[in-house]
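I have placed the structure first, in the form of structure tokens, so that the comments after it can refer back to it.
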Amino acid sequence: MKVLKFLGLLGVILIVFGLVLWWFFNQPFGTGLISPLGSRLKENLPLKEYSFEELRKRDYPGSEIKLEEIIKEEEKYTSWLFSYLSDGKKITGMANIPAPRNPPAGGVVGVIVMLRGYADDSVYFTGLGTRKAAGFFAENGFITLAPDFLGFGTSDSPSADILEARFYRPVEVLNLLASVKSLSRADPERVFLWAHSNGGQIALSVLEISQRPIPTTLWAPVTKGFPESVLVFMGPPAGGDDLGKKVKKAIDEFVKKYDSKKYSIDHYFAEITAPIQVHQGMADPLIPTGWSDDFVDEMKRLEKKVIYYQYPGNDHNLKQSWDKVVERDLMFFQSFL
């Protein structure tokens, strides 16, 4: 009889112990629970390192900028294929170096890092989306650096994870900024940002993460937060896999595990210390005028330095007023030399 009671009690204990173990190991990662062995449950959050708070903590050592081969020689500048390293990954791009006989304004050779918008990698070439404006700035004595980004030009491949590849873009730019000092004639204290469309989202991320007062000009910028800024442009490409569905699925999984606000530019506008100039075409079919209106209003509410130009009848590339826009940018950059 005593043996039966003992076995019954042991069975109850084992059932209870089993339920406790089931509950313990089915808790969400990152809850801070301590195991019976005293070790903390490890977080299965590989994208945590790309939150803006985490990106602020890391180092951006940069590397040597190498001028690999001449793309084109102009009277006042030479276009080069350049490369640098970001965490050991090679990134290429187009560099414009003013001729020595082309003295810059104020005797200082400022550097403009130029960030293009979205590009289809099947038709992409180095300089796409930046080369015309870059040529204008180089003619006026500025060094320009327009990175291809990972996966474009002859750069190394990006992460296979769609979101990680996106979150890594500011890291690529921050390492490029850290590499400027390796260029002869370049003044690392006179660095500027120029960005178009989705490049604007990257530029704002860089300003928020670094909190550096880098004078920045934005053409038709993406200023909406993540993931809204991705979802609004999402759609199936012509033929092939439905990339839109893949991105939507990746975002759905992401928001279950992460706080998306920690990866979203619109939650860090208050951290921007840079003067910004914004250009918006009033007939832009891709970036609603209201986005730029709201961004500028918020920046003014936060008492940030912002200049806003609107161009009636202008498209996404500000083609109809291009000369006026680049001239305003030139004057903006020169005012900081």
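Report whether or not Thr92 is at pLDDT below 95, β-branched (Val, Ile, Thr) and either part of a loop (DSSP other than H, G, I, E, B) or closer than 19 Å to Val173 by Cα (or both). Steps first, please.
On the way: at pLDDT below 95: no; β-branched (Val, Ile, Thr): yes; either part of a loop (DSSP other than H, G, I, E, B) or closer than 19 Å to Val173 by Cα (or both): yes.
Taking the combined requirement at face value, the residue does not satisfy it.
Residues are listed down the side, and each one gets a yes or a no for (1) touching a residue at least 24 places away in the same chain (Cβ under 8 Å); (2) outside any loop (DSSP other than H, G, I, E, B):
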| position | (1), (2) |
| --- | --- |
| Lys249 | no, yes |
| Phe254 | yes, yes |
| Gln280 | yes, yes |
| Trp291 | yes, yes |
| Asp297 | no, yes |
| Glu303 | no, no |
| Gly313 | yes, no |
| Asn317 | yes, no |
| Val325 | yes, yes |
Selection over segment 298-319 where residues are over 19 Å from Thr130 (Cβ atoms) and over 25 Å from the mean Cα position of the chain (by Cα) yields a count of 3
With the first residue restricted to segment 213-225 and required to be touching a residue at least 24 places away in the same chain (Cβ under 8 Å) and more than 15 Å from Ile272 (Cβ to Cβ), and the second required to be of a type in the set (Val, Ile, Thr) and not in a loop (DSSP other than H, G, I, E, B), Cβ contacts under 8 Å at 6 or more apart or on different chains are Trp219/Val325
So for segment 221-232 (the condition being surrounded by fewer than 19 Cβ atoms within 10 Å (Cβ to Cβ), of a type in the set (A, V, I, L, M) and modelled with pLDDT under 95), does at least one residue qualify? yes
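Restricting to segment 263-278, and then to whatever is hydrophobic (A, V, I, L, M, F, W, C) and part of a loop (DSSP other than H, G, I, E, B), can you tell me which residue is surrounded by the fewest Cβ atoms within 10 Å (Cβ to Cβ)? Show your work before the answer.
Filtering segment 263-278 for residues hydrophobic (A, V, I, L, M, F, W, C) gives 265, 269-270, 272, 274, 276, 278.
Now restrict to residues that are part of a loop (DSSP other than H, G, I, E, B): 272, 274.
Details: Ile272: 23, Ala274: 21.
Going through the qualifying residues, I end up with Ala274.
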Among residues of segment 166-185 being out of contact with any helix residue (DSSP H, G or I) (no Cβ under 9 Å at 6 or more places or on another chain) and of a type outside the set (A, V, I, L, M), the residue surrounded by the fewest Cβ atoms within 10 Å (Cβ to Cβ) is Ser184
Asp120: passes all of (1) crowded, with 18+ Cβ neighbours inside 10 Å; (2) in a loop (DSSP other than H, G, I, E, B) but (1)
Exactly one of Asp87, Asp59 is out of contact with any Lys or Arg (no Cβ under 9 Å at 6 or more places or on another chain), at pLDDT 95 or above and either surrounded by 11 or more Cβ atoms within 10 Å (Cβ to Cβ) or of a type in the set (S, T, N, Q) (or both), and that one is Asp87
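The values are calculated or read from the model by the stated rules, or taken from the named source; none is laboratory data. None of the values given here were measured: they were computed from a predicted structure. Reconstructed Cβ throughout: ideal geometry from the backbone, glycine too, with neighbour counts over all protein chains shown.
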